[in-house]
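Each remark here refers to the structure printed beneath this line.
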């Protein structure tokens, strides 16, 4: 039997479209080439403009976790107090990062599937003074989106620095640095940007840059804002070798975002998330995230309890049918799966992915009406095209 093309439908990496792949496959040139310098300048400029950051954007070789560490390294010193708002696995990771850097950490946790609320943060900040507050915008382990705009206003009122983990959100869920009171926003290339893994992306407010200057010499060199600032302002300068082809790939990603329009991109992600949720829920799967906090970029679905699904077998069958989906984390491991619906994913990809899940569900004995999920999705797309 001819094996189907397997779609990457995990919460990252996400599918990389041909025009971005082409940039990654270009012949590599010198990082001091004048054409590349102009390309890098345009990337930094677009990141600042699209995310409304009057401070500075940084792009360097690395991962989202590197960006998480970089944020804390540049705005804190040992003994500072941090409030980590955790909605799951990656919120807990931020707490560990802060502790390793010698910060005094309090964790404000929400039950998996729910979110820390602005009221929770306000109450905690009223009890004690914190230097830093971190929030994961979209929690990859739960499919929950935190209300960062409202939380940001509260953090500003209390004088703390506001750090947002946008790894699973940037480019797919609404984020603006200055308007939302964000001091450091961190992300990476392989999620809603639709680029392959390899880039750490970070935005720093003027307040965060001033905080870095006040710290003097810090222990880190590669992650140091002060080392990278001259390079981001003028890429002809050198601190570390640039990932040239990845910068080109990000440039193409930003071109696609600008062509679509960033507000429409946010709206598209929100619309498609509802469509996919409705289609997959029609097969008997339940959605982990509470309705008020569901993310537009990924979802976590739990198996029907009565079906007694073998998780590893089900995901293997979905892959056999043409789509990779991810396992759940924490206490939900083995109880469901995670799927990404972010980046440059179009209706053809979503329809194919839902069809693969439906076929696998039928093969493991889940009782469903064949074609119902696809009919829901198709109807949503037709209605969207008619409006």
Working only within region 209-254, note down all residues that are surrounded by 15 or more Cβ atoms within 10 Å (Cβ to Cβ) and at positive phi. none
Filter region 57-85 down to residues that are within 22 Å of residue 148 (Cα to Cα), touching a residue at least 60 places away in the same chain (Cβ under 8 Å) and touching a helix residue (DSSP H, G or I) at 6+ places or on another chain (Cβ under 7 Å), then give me how many there are. 9
Limited to region 96-121, what total is found for residues that are assigned to a helix (DSSP H, G or I), over 13 Å from residue 147 (Cα atoms) and more than 21 Å from the chain's Cα centre (by Cα)? 2
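With 177, 155, 163 as the choices, which residue is surrounded by 24 or more Cβ atoms within 10 Å (Cβ to Cβ), assigned to a helix (DSSP H, G or I) and touching a strand residue (DSSP E or B) at 6+ places or on another chain (Cβ under 8 Å)?
On the way: 177 fails: assigned to a helix (DSSP H, G or I); 163 fails: assigned to a helix (DSSP H, G or I).
After ruling out the rest, the residue left standing is 155.
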Scanning region 256-296 residue by residue, those crowded, with 22+ Cβ neighbours inside 10 Å, out of contact with any helix residue (DSSP H, G or I) (no Cβ under 6 Å at 6 or more places or on another chain) and either in a loop (DSSP other than H, G, I, E, B) or free of Cβ contacts under 8 Å to residues at least 12 places away in the same chain (or both) turn out to be 285, 288, 289, 295
Over region 71-86, the set of residues in contact with a strand residue (DSSP E or B) (Cβ under 6 Å, 6 or more places away or on another chain) and part of a helix (DSSP H, G or I) is 71, 75
Of the residues in region 191-208, how many are surrounded by fewer than 21 Cβ atoms within 10 Å (Cβ to Cβ) and either part of a loop (DSSP other than H, G, I, E, B) or at pLDDT below 95 (or both)? 3
For region 328-344, which positions are in contact (Cβ under 8 Å) with a residue 40 or more places away in the chain and not in a loop (DSSP other than H, G, I, E, B)? 330, 331, 332, 336, 338, 339, 340
Of residues in region 9-29 being under 15 Å from the mean Cα position of the chain (by Cα) and surrounded by fewer than 22 Cβ atoms within 10 Å (Cβ to Cβ), the one nearest to residue 357 (Cα to Cα): 10
Selection within region 297-327 - part of a helix (DSSP H, G or I), in contact with a strand residue (DSSP E or B) (Cβ under 9 Å, 6 or more places away or on another chain) and surrounded by 15 or more Cβ atoms within 10 Å (Cβ to Cβ): 311, 314, 315, 318
Kindly provide the set of residues from region 111-136 that are closer than 17 Å to residue 82 by Cβ and crowded, with 18+ Cβ neighbours inside 10 Å, ordered by number. 116, 121, 124, 125, 130, 131, 132, 133, 134, 135, 136
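The values are calculated or read from the model by the stated rules, or taken from the named source; none is laboratory data. Keep in mind that what you see is a predicted model, and the values were worked out from it rather than measured. In this analysis, Cβ positions are derived from the backbone assuming ideal geometry, glycine residues included, and neighbour counts consider all displayed protein chains.
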